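Engineer: A single structure is presented below for examination.
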Amino acid sequence: MTRYVPALFLLSALAASAQNDSGGNDTADKPLATPVMQWRFDNSKEPGPRSPNYPGFSKDNTAQRFDGDGKKSALTIKDTEALRFGLNETITLEAWVKPAGQNGTPYIIGKGRLGTKEFGSENQNYALRLQNTKGGAQIGFLFRSANVPDKKGDWHRWWSKDTLPTSGWHHIAVTYTYGKPKSIKGYIDGRETDGVWDMGGATDRAPVTDGDSLVIGSGSTLASSHSLNGWLDDVAIYRGPVDVTALKAKYQFVPPPPPIAKKQVPAGRVLVQLAEEGMPDANAWPAEPPKVGETYTEDVFGFLDVPQKYVDTGVRGERHVPFMLRAAAVVTFPKGKHRLLLRARGATNLYVDNKIVLNTPFPPNDSDGHHLVADQQGYLDLGPDFRFVPPGNRESWCEFEGTGKPQFIVLETLVGSYVGKSIRRPELGETVVAWSQQGTETWKLVTPGKRTVPYTDAGWAAYEQERNAHYAEVNAKKRAELRALSAPYWATRRKAAEEWLAKNPVGNGSIDEFIAAKIATVKSQDSHKGSIDYFKDIQPILEAKCTECHRGSKAKGGLHLDSLADAIKGGKSDGAAVEPGKPDHSSLIARITSTDEDEIMPPKGKPLTKDEIALLTTWIKEGAHWPEIRADHLTLTPLTDDLSFLRRVYIDTIGVPPSLEEIAAFQKNPDRKAVIDQLLKDPRWADNWMGYWQDVLAENPNILNPTLNNTGPFRWWLYESLQDNKPMDFFVTELLRMRGSERLGGPAGFGTASQNDVPMAAKGTIVSTAFLGVEMKCARCHDSPTGKSIQQDLFELAAMLGSKEIEVPKTSSVPMDKIHAGGRKPLIQVTLQPGTKVQPKWPFAEFCDEAAAKLAEDPKDSRDVLAAMITAPQNERFAQVIANRVWARFMGRGIVEPIEDWEKGKPSHPEMLKWLGREFVSGGYDVKHLARLILNSQAYQRATDPTLKQTSPLFTSPAPRRLQAEQIVDSLFSATGKPFHTEEVCLDIDNTRDLKNAIHMGKPHHSWMLTSTSNERDRPSLALPRIQAVTDVLSAFGWRGSRQDPVSKRDADPNVLQPAILSNGTVGVWLTRLSDDHGITALALKNESLDQFIDQLFLKLLTRHPTAEEHALYTKHLSAGYDKRINSPEACIKHTPSNRTREKYVSWSNHLDAEATTVRMAQETAARAGDPPTNKLNAEWRGRMEDVLWALLNAPEWEFSP
């Protein structure tokens, strides 16, 4: 039977102090109130929470089982005065609960609403309930306010933001003072939770108070949806003030001992186990040990990351939040009393010989920005070089006895946490176990082996770098394993390509042969003599006034003005636009000279001037000479010198110039083909191409609060794809499948377009330009006025990407009244009305027919079908578009321009483009195969002609080619040897916000890893000054921090900001200040003559030897004091300050604190000041050397390919 006790003192003085609640709840600094009624279920037979896991209970404690059928298992208690609560009275309901596969909104305990004849069902006095959600179960409070004159009562329902796990025992409570709207508070496992009144709102009205019964385990109609399936224990009702601290302290849980034994652990290694299955969906330890899914070993107890989780074909997935990391090792400490340190971001227990010696709590349960910078004052400082705790980590330490014999060390930490119902990023932060031997002040990471890792700033930095490289290798191996699983499918794709190539062979030829043939053709056409130069006089007029409407598949009136043949052919009604020698018979002249407003061209804007008309008339009269290509540069330049070639090919392939060692190796064996092969294997290839594909695919993550067209950070998938050199058809297929993690770097992030009414239409415009050279942006709201794309095409493509029917929203259509406003026929048409439903369908029949769909791995998946049709060998457009993109990247212009919109241009070398496309297919869609062909050509290796403003379409010689912003910045850091050091790319470095609204993009070491640092409120406390300094330089050279739309070619025009920001900006200070960690400082410390030093300096920075004039100039500037430039060792000793303090940090959690702005401004000042100069060099000579460095770093050679 169930025993209830009306007056039992439940809790002894567990709390040292009480908390007062500013929300208006009557809490007091005194023990928890005596319950008015309590149910302990001592006579039940089911096991309840028991010690040792729940130390507040006996080892044989029992609980009551409820089977989800309220009519059978619910307990009914008749009304007493003690169970009635009125206005201004405080009620607290609490219980221990263990759910068992619950659905609906079950009652734990409630009074009234039983539908009796006497009281009806509109009389809920009070109730404590649960509500299942995706992440667990919310706790709720429900009551009905009483009727008053002229005002009927209402239902008032509150649900917690946080949830309890749906497994194991948990303590829950709700306390509320009737009449005080803000007094409601919930508690789950000793942690306070906020909530929301989702029905009736907060109220100051009194509750219904009547004589209806109280029910435990069910409520309302006793239906299964309102009945508990699970167990209850210690259910209680309190009246009056409660001690909140004592209430929280009722939850005591000791996780079960780690299920791991010494014999499982390899000697001298740390055994690491990762467990996801069996973990709760809440901030809670699992009631039972979770199932281990992955096992590996480490050297020491220092954890900053775990192997990445990959899914599908090797794209980033997500682990369960939280997951458990368990690490175990047998360690022998010297005999004595030592100090032990534990640091972790999540809840953690550290066991020594099966006893918990240290722990850290769960992360704070809020995510607002109102914390104080002053809260950071409570940190450990346990030695002169002791590493201070990083943001977001909690720490504890103790003294322990080393026995001189093997001791069993086990660490269990929960990675990731919940804030409300949302998950936080699953990050380890800096999870370590360190120790300090008796009699010493130094700290090192605990290890069972011989490796020693000092736990200092320098020691951790070196360890972190080594571990990151290790995990990169582990991750690459895992990706390869998963890709191998799809090898049979891709083998069929390669066979299909071979069969197609057998019918459509690549053919013979080479890049240089194709270019020579085109030059010969153009020379033969360039024999016209006349007063009019087509490219100088005629082409500008046609481009400004005519070709926008008269080219492409939708040329107005059917008239194309792309070539002389098209102009002679004419349009639908006017006859020949141009009849050579006969301007009076040329409809072009008739149209531009007409006075009829319905006939004159152009129809809008200013008409042609008399001089422009005269030029066109004379041009036609002289025969309308219209050469295919401008032949103003027909002379081939010779091959460039070796060092210029080396700098060019290094920057073009890996994004940075060669090092002194790489230059020396090339000079010893100047084999250009060999160095190209070497560079195509260099992992830095991926870094160099990242910025390009981020632009083309519009990767646009926002590190804080997503806004318009933000994507997920799929940069990590991009980077790993480039590292793995995935074939381009494989690359496109993974991208369009959009699988993996949306927020943690999988291609699913590409599918996101926040605050966009039709995200997949936005993605369609990206896919079409990137892989097919079709611009569809206009078709988002109306048919393209000049191109072939219509709305139907884009929405069919969007439906394929979305794998479902798409309805056209009103916001994706131009209103008809605006279209028809005005007298003339509108230039645009809307052929899809709002509300039209569009099915998935391939809209590019001109590239390949739907028979290519049979190549899809899953023909039922429209995304797979789309990927197959884009990348099918018979779709030559795809191969040629990629070939054209790679060509333009290396050669300065595309064979087709613009490279993203082929309707606006024709190939200058159509046969070469077809050959390159088929070579690409023959080479297994390997971009590096194309790169090798291009880089080994004489066309690529020719000397630059400095007189050219742009590369000729004949590719007779390269023009000076502006480098990409990332190449400029990365080259400056790489060549000078100055470390690329900024803040973490994150505004939530202590990890308090939920994953949807705050992402972390790592510690950058290349420019592509940066992103916009803007925040919606533009608060100075949320600035990142070091990142901002670098992005200011990048932006000056065309980089975009925000990529709402795709871009295939950036603006390369010079501007006044570029020289100014390099010569006077913050980054310039960093690069020219000879600090201890500067590469030029190291060069200056070498035992070399001044001549050798100057030569090495030029090679290191500019990949060339100085001219005689430069050598003389810098010799004069640096000779004084050169022999005494190096200070004595005594002068180089640095004195470490004795009063070390932890550097304050700013994160979202404290950004509203006034001190946060002060801290951030100090960081900005420090960033502008740069690192202190080295004291290893004589200050006067160092100053002159910095002047030399400033001059060299501001040379134009940093902006252009040699």
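Engineer: Pick from region 328-360 the residues that are in a loop (DSSP other than H, G, I, E, B) and closer than 26 Å to Gln437 by Cβ: which of them is modelled with the lowest pLDDT?
Structural biologist: If we take residues in region 328-360 being in a loop (DSSP other than H, G, I, E, B) and closer than 26 Å to Gln437 by Cβ, then Asn354 is modelled with the lowest pLDDT.
Engineer: Right, something else. I'd like the residue in region 170-185 that is surrounded by 18 or more Cβ atoms within 10 Å (Cβ to Cβ) and among the basic types (Lys, Arg) and, out of all such residues, is nearest to Leu130 (Cα to Cα).
Structural biologist: Lys185
Engineer: Now for a different question. Among the helices (runs of 4 or more DSSP H) confined wholly to region 742-832, which include 2 or more residues that are at pLDDT 95 or above?
Structural biologist: Of the helices (runs of 4 or more DSSP H) lying wholly inside region 742-832, those with at least 2 residues that are at pLDDT 95 or above span 759-772, 791-802.
Engineer: Being farther than 19 Å from Gly1170 by Cα, among the hydrophobic types (A, V, I, L, M, F, W, C), modelled with pLDDT of 95 or more and not in a loop (DSSP other than H, G, I, E, B) narrows it down to one of Leu1071, Leu1097, so name that one.
Structural biologist: Leu1097
Engineer: Being assigned to a loop (DSSP other than H, G, I, E, B) and within 20 Å of Glu720 (Cα to Cα) is the filter here; which residues of region 305-327 pass it?
Structural biologist: Asp305, Val306, Pro307, Gln308, Lys309, Asp312, Thr313, Gly314, Gly317, Glu318, Arg319
Engineer: Here's a follow-up. Does Glu412 fit the bill of being assigned by TED's automatic domain parsing to the domain that holds Arg339, over 26 Å from Asp162 (Cα atoms) and not hydrophobic (A, V, I, L, M, F, W, C)?
Structural biologist: No, not satisfied.
Engineer: Kindly list the number of the only condition in (1) surrounded by fewer than 21 Cβ atoms within 10 Å (Cβ to Cβ); (2) at pLDDT 95 or above; (3) in contact with a strand residue (DSSP E or B) (Cβ under 9 Å, 6 or more places away or on another chain) that fails for Val311.
Structural biologist: (3)
Engineer: Let me ask something else about it. Which pairs do you get when a residue that is modelled with pLDDT of 90 or more, found in region 154-174, comes within reach of a residue that is of a type in the set (Ser, Thr, Tyr) and not in a strand (DSSP E or B), reach meaning Cβ atoms under 7 angstrom, with the pair 6+ apart or on two chains?
Structural biologist: If the second residue must be of a type in the set (Ser, Thr, Tyr) and not in a strand (DSSP E or B), the pairs left are His156/Thr203; Trp169/Tyr54; His171/Tyr251.
Engineer: Taking the criterion of being farther than 28 Å from Ser183 by Cα, outside any loop (DSSP other than H, G, I, E, B) and touching a Leu at 6+ places or on another chain (Cβ under 9 Å), would at least one residue in region 98-112 satisfy it?
Structural biologist: No.
Engineer: Something else about it: Would you mind stating whether Arg893 is in contact with a helix residue (DSSP H, G or I) (Cβ under 7 Å, 6 or more places away or on another chain), more than 16 Å from Thr492 (Cβ to Cβ) and of a type outside the set (Val, Ile, Thr)?
Structural biologist: For Arg893, the condition - in contact with a helix residue (DSSP H, G or I) (Cβ under 7 Å, 6 or more places away or on another chain), more than 16 Å from Thr492 (Cβ to Cβ) and of a type outside the set (Val, Ile, Thr) - is not met.
Engineer: Which of the residues that make up region 992-1019 are out of contact with any helix residue (DSSP H, G or I) (no Cβ under 8 Å at 6 or more places or on another chain) and under 12 Å from Leu704 (Cα atoms)?
Structural biologist: If the condition is that a residue be out of contact with any helix residue (DSSP H, G or I) (no Cβ under 8 Å at 6 or more places or on another chain) and under 12 Å from Leu704 (Cα atoms), then Asp994, Leu995, Lys996, Asn997, Ile999, His1000, Thr1011, Ser1014, Glu1016, Arg1017, Asp1018 are the ones that fit.
Every residue, every condition in (1) over 25 Å from Glu1197 (Cβ atoms); (2) touching a helix residue (DSSP H, G or I) at 6+ places or on another chain (Cβ under 7 Å); (3) among the polar types (S, T, N, Q), yes or no:
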{"residue": "Asp1051", "(1), (2), (3)": "no, no, no"}
{"residue": "Leu1057", "(1), (2), (3)": "no, yes, no"}
{"residue": "Ile1061", "(1), (2), (3)": "no, yes, no"}
{"residue": "Ala1082", "(1), (2), (3)": "no, no, no"}
{"residue": "Leu1118", "(1), (2), (3)": "no, yes, no"}
{"residue": "Lys1124", "(1), (2), (3)": "yes, no, no"}
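Engineer: Then there is this: I'd like to verify a number: residues in region 1132-1153 that are in a helix (DSSP H, G or I) and over 23 Å from Asn991 (Cβ atoms), how many?
Structural biologist: Residues in region 1132-1153 being in a helix (DSSP H, G or I) and over 23 Å from Asn991 (Cβ atoms): 1 in total.
Engineer: Would you pick out the residues in region 1154-1202 that are under 18 Å from Pro657 (Cβ atoms), small (Gly, Ala, Ser) and either not in a helix (DSSP H, G or I) or not assigned by TED's automatic domain parsing to the domain that holds Thr1013 (or both)?
Structural biologist: If the condition is that a residue be under 18 Å from Pro657 (Cβ atoms), small (Gly, Ala, Ser) and either not in a helix (DSSP H, G or I) or not assigned by TED's automatic domain parsing to the domain that holds Thr1013 (or both), then Ala1195, Ser1201 are the ones that fit.
Engineer: May I ask you to verify whether Asp512 is at pLDDT 85 or above, of a type in the set (D, E, K, R) and touching a Ser or Thr at 6+ places or on another chain (Cβ under 8 Å)?
Structural biologist: yes
Engineer: Sticking with this structure for a sec: Of all residues in region 191-212 being outside any strand (DSSP E or B) and crowded, with 16+ Cβ neighbours inside 10 Å, which is farthest from the chain's Cα centre (by Cα)?
Structural biologist: My answer is Gly211.
Engineer: Name the single residue, out of those in region 213-228 being of a type outside the set (A, V, I, L, M, F, W, C) and surrounded by fewer than 21 Cβ atoms within 10 Å (Cβ to Cβ), that is modelled with the lowest pLDDT.
Structural biologist: Thr221
Engineer: Let me ask something else. Counting just the residues of region 709-739 that are in contact with a Phe, Trp or Tyr (Cβ under 7 Å, 6 or more places away or on another chain) and assigned to a loop (DSSP other than H, G, I, E, B), which one comes out farthest from Leu482 (Cα to Cα)?
Structural biologist: Ranking the candidates gives Thr711 first.
Engineer: Here's another thing I want to ask about it. Kindly indicate whether any position in region 128-143 is basic (Lys, Arg), modelled with pLDDT under 95, in a loop (DSSP other than H, G, I, E, B) and farther than 19 Å from Leu228 by Cα.
Structural biologist: Checked region 128-143: no residue is basic (Lys, Arg), modelled with pLDDT under 95, in a loop (DSSP other than H, G, I, E, B) and farther than 19 Å from Leu228 by Cα.
Engineer: Okay, next question. Listed residues Leu1085, Leu1097; which is more than 14 Å from Ser974 (Cβ to Cβ) and either surrounded by fewer than 16 Cβ atoms within 10 Å (Cβ to Cβ) or not assigned by TED's automatic domain parsing to the domain that holds Val1033 (or both)?
Structural biologist: Leu1085
To keep it simple, each residue is scored yes or no on (1) crowded, with 22+ Cβ neighbours inside 10 Å; (2) in contact (Cβ under 8 Å) with a residue 60 or more places away in the chain; (3) closer than 17 Å to Lys1100 by Cα.
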| site | (1), (2), (3) |
| --- | --- |
| Ile620 | yes, no, no |
| Glu628 | no, yes, no |
| Thr635 | no, yes, no |
| Pro638 | no, yes, no |
| Asp642 | no, no, yes |
| Phe645 | yes, yes, yes |
| Glu661 | no, no, yes |
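Engineer: Going through Asp299, Asp233 one at a time, which residue ends up being farther than 30 Å from Pro727 by Cα, of a type in the set (Asp, Glu) and either surrounded by fewer than 21 Cβ atoms within 10 Å (Cβ to Cβ) or not assigned by TED's automatic domain parsing to the domain that holds Val432 (or both)?
Structural biologist: Exactly one residue qualifies, and that residue is Asp233.
Engineer: Please report, ordered by residue number, the helices (runs of 4 or more DSSP H) entirely within region 554-667 with at least 3 residues that are under 53 Å from the mean Cα position of the chain (by Cα) and among the charged types (D, E, K, R).
Structural biologist: 642-654
Engineer: Right, Gln124: at pLDDT 95 or above, in contact with a strand residue (DSSP E or B) (Cβ under 6 Å, 6 or more places away or on another chain) and assigned to a loop (DSSP other than H, G, I, E, B) or not?
Structural biologist: yes
Engineer: Here's something else I'd like to know. Output the residues belonging to region 443-455 that are without any contact (Cβ under 8 Å) to a residue 60 or more places away in the chain and either touching a Leu at 6+ places or on another chain (Cβ under 7 Å) or closer than 13 Å to Phe303 by Cβ (or both).
Structural biologist: none
The values are calculated or read from the model by the stated rules, or taken from the named source; none is laboratory data. Quantities reported herein were computed from a predicted structural model and do not represent experimental measurements. All Cβ positions, even for glycine, are placed from backbone atoms using ideal geometry, and neighbour counts span all protein chains on display.
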